[in-house]
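The values are calculated or read from the model by the stated rules, or taken from the named source; none is laboratory data. Predicted, not measured: the structure shown is a model, and the values here were computed from it. Here Cβ is always computed from backbone atoms with ideal geometry, including for glycine, and neighbour counts include all displayed protein chains.
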Amino acid sequence: MQDKIPRLLWATLLFMLSLTVLTAHAADIAKISPEETLSRLDTALIVDARSGADWSGSTLKIKGAIRGSLQDVDTWAATIPKDKEIIIYCA
């Protein structure tokens, strides 16, 4: 039992550290309103990053948006044009 406590403490510490890193990165990302998104539909590349269940269960999808799972961002990010504004949305 005693050897499990240090592992639990390390696991908790790593979890809290990962949340801190994710929060720090999220603060660097610009957020725009739905109205701003609508005004940019003709010029921006829209990436629908909702999870599989959220995406497939939704009847609301932006026409022309590409699917891009956040788990596979390295794969799809390499294929999108770099000369356009990119708007990524999720639920």
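So that you can scan it fast, the table gives a plain yes or no per residue for (1) surrounded by fewer than 12 Cβ atoms within 10 Å (Cβ to Cβ); (2) modelled with pLDDT under 65; (3) over 12 Å from the mean Cα position of the chain (by Cα):
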site: L14; (1), (2), (3): yes, yes, yes
site: L19; (1), (2), (3): yes, yes, yes
site: I29; (1), (2), (3): yes, no, no
site: L38; (1), (2), (3): yes, no, yes
site: R50; (1), (2), (3): no, no, no
site: W55; (1), (2), (3): no, no, yes
site: S69; (1), (2), (3): no, no, no
site: T75; (1), (2), (3): yes, no, yes
Can you pull out every residue in the range 33-60 that is closer than 15 Å to C90 by Cα and touching a strand residue (DSSP E or B) at 6+ places or on another chain (Cβ under 7 Å)? T37, L45, I46, V47, D48, A49, W55
